[in-house]
Amino acid sequence: MSAAGLRCPGCGSSNIVDDDLYCQAQLVCVDCGSVVSEGTLADDPVGGTDVSYSRTTEVTRKPCLNLIKGLERVKEICRILRVSSEIEDLALTHFRQAYEHESFINVTLQRKELLAGCCVFVSCRQRDWPITLGTISCLLNADQTLVGGVYQNMMKILNIQAPFINVTDVIEAHVQEYKISTQHVPEELAEDSKVLSKRAVALVELAGDSWIVTGRKPLPIMMAATYLAWQSLNPNKHRLKLSLDKFCQLAKVQKRKPATTRITELKEVLCKLGRELPWVREPVTQNDVVRLVGDILEHRHTLLTRALRTHERAMEADCTQTFALNSLTEEVAPSQISESRDQTANASSVVQPCPNTRGENQEGDGDENHQSEDPEPNWGKRVLFAPPCVLHAKMRRVERPVQNVTGDEEISDSEIDSYIRSPQEVRDFAQMQKMASCSDIGKS
């Protein structure tokens, strides 16, 4: 191919062609064989040719070491919980998204480890895998409050939602943690996990009907239900004498302190329903109500209805008795009232009343009397079952109004009389001054 417009500097010929014999193209004169120009760098564009970054100096970006460790921690938790591969992939995705956010990229390693557990927790919730936040806290060996804070922060950052689960959905997995099979404990203390789960679920449902579950943490309730279910399935002397502490040591689980209170509340409900069993003649107490758990749970709805009716009848009887007592007090003879008034008058004539008494200041202390009135009685005491927040209501702080004293307030006559000395006080004061002056003269 000839190059147009070029001439050989040696012979002046215009017969110049491109020589592609070598890897670098050259312009050569055909007539004399002189090399007119070497290479084509002069013909390239000013900015150079366009070369992609991947073909020159691009290096594949590797994840940081903490991200790799976090992903491995997520996989470890998933394998411990034996979740499906779908939940594991979803947890890894959530962890990558949350890790790159500014709220988690510059935090401590402990908080990043909590983030891994929270990602597994929310992934299990989204795929209907029953698990509690307490289980994640135990796996991470961290405070449940810290785990909850990281969980709430992660939910806001990722803008995701996790469905709420019921306590009965996770109690089967909770019972599996108790090592009370024939392989771990003696035969008289062993129990099948499926049978134990069924009885524990029934107890939790009863606790829900009687407001015990409302506003409470699930783990202590599940532990209390499991303990009572274990005792009631075979109420022999070996099981009944074991306390909750010994039961937790036997089952190799960590005891929850509120579980003792939940056991007491469940026993109180069971006693109220056990008294309605028609074939039970003896009084039902918390010590022997465990033997009646099976019958109570079998006829739970009927016993609840009968217990509510019995409580309503008792309340009506109390109201009738109170009304009768009030009517009797209103029919007191007028003579007795007049006699009491005479006795009061005689007593007042003997004893001099203090000028600053409550009766005289009754009008001035109207606001204080209004504040010192007894609060309304708790309505939770009048019903058979009530929420815990009602039965154990917290006393609200009463803020006293700030009184602005200007000095222009009116002074009542009773207050003025309290400042004036009585005749006896005047005589005592004069005698004291006389004795003081005599003592001063004697010293001088």
Worksheet entry | Identity of the residue in segment 125-138, over 17 Å from Gln97 (Cβ atoms) and assigned to a helix (DSSP H, G or I), that ends up modelled with the lowest pLDDT | Gly134
Fill in: Residue tally, condition under 22 Å from Ala142 (Cβ atoms) and surrounded by 12 or more Cβ atoms within 10 Å (Cβ to Cβ), over segment 60-89
15
Fill in: Out of Leu240, Leu250, Leu273, sole residue that is among the hydrophobic types (A, V, I, L, M, F, W, C) and within 22 Å of His392 (Cβ to Cβ)
Leu273
Worksheet item: Where residues in segment 143-185 are of a type in the set (Gly, Ala, Ser) and in a loop (DSSP other than H, G, I, E, B), which of them is most open to solvent (accessible area, probe 1.4 Å)?
Response: Ser181
Worksheet item: Picking from Thr214, Thr226, which residue would you name as being open to solvent by 60 Å² or more (accessible area, probe 1.4 Å) and of a type in the set (Ser, Thr, Tyr)?
Response: Thr214
Item to complete: Those residues that are among the aliphatic types (A, V, I, L, M) and over 22 Å from Leu250 (Cα atoms), I need them from segment 205-225; list them, please.
Response: Leu206, Ala207, Ile212, Val213
Item to complete: Any chance you could count how many residues in segment 127-137 are farther than 22 Å from Ile105 by Cα and either buried (at least 17 other Cβ atoms within 10 Å of the Cβ) or touching a His at 6+ places or on another chain (Cβ under 7 Å) (or both)?
Response: 7
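For (1) open to solvent by 30 Å² or more (accessible area, probe 1.4 Å); (2) under 23 Å from Leu196 (Cα atoms); (3) modelled with pLDDT of 90 or more, each residue gets a yes or a no:
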site	(1), (2), (3)
Gln249	yes, yes, yes
Ala259	no, yes, yes
Leu266	no, yes, yes
Lys272	yes, no, yes
Val289	no, yes, yes
Asp295	yes, yes, yes
His301	yes, yes, yes
His311	yes, no, no
Discussion item. Being buried (at least 19 other Cβ atoms within 10 Å of the Cβ) and hydrophobic (A, V, I, L, M, F, W, C) is the filter here; which residues of segment 105-121 pass it?
Written reply: Leu114, Leu115, Ala116, Cys118, Cys119, Val120, Phe121
Discussion item. Any residue at all in segment 83-99 that's among the basic types (Lys, Arg) and farther than 14 Å from Met154 by Cα?
Written reply: no
Worksheet entry | Residues of segment 136-163 that turn out to be in contact (Cβ under 8 Å) with a residue 24 or more places away in the chain and not small (Gly, Ala, Ser), as a count | 15
Practice prompt. Report yes if Val30 is modelled with pLDDT of 85 or more and not basic (Lys, Arg), otherwise no.
Written response: no
Discussion item. Please determine whether any residue of segment 224-235 is outside any loop (DSSP other than H, G, I, E, B), without any contact (Cβ under 8 Å) to a residue 40 or more places away in the chain and touching a Leu at 6+ places or on another chain (Cβ under 7 Å).
Written reply: yes
Practice prompt. Please state which one of Arg216, Arg275, Arg281 is among the basic types (Lys, Arg) and within 25 Å of the chain's Cα centre (by Cα).
Written response: Arg216
Discussion item. Report every pair of residues separated by at least 6 positions or lying on different chains whose Cβ atoms are under 7 Å apart, first residue within segment 71-86 and in a loop (DSSP other than H, G, I, E, B), second open to solvent by 50 Å² or more (accessible area, probe 1.4 Å).
Written reply: Val83/Trp129
Discussion item. I need the helices (runs of 4 or more DSSP H) fully contained in segment 237-317, keeping only those with at least 2 residues that are hydroxyl-bearing (Ser, Thr, Tyr).
Written reply: 258-274
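The values are calculated or read from the model by the stated rules, or taken from the named source; none is laboratory data. Model, not experiment: these values are computed from the prediction. Here Cβ is always computed from backbone atoms with ideal geometry, including for glycine, and neighbour counts include all displayed protein chains. These area figures cover heavy atoms from the full protein model, side chains too; ligands, DNA and RNA do not enter into them. Shrake-Rupley method; radii C 1.70, N 1.55, O 1.52, S 1.80 Å.
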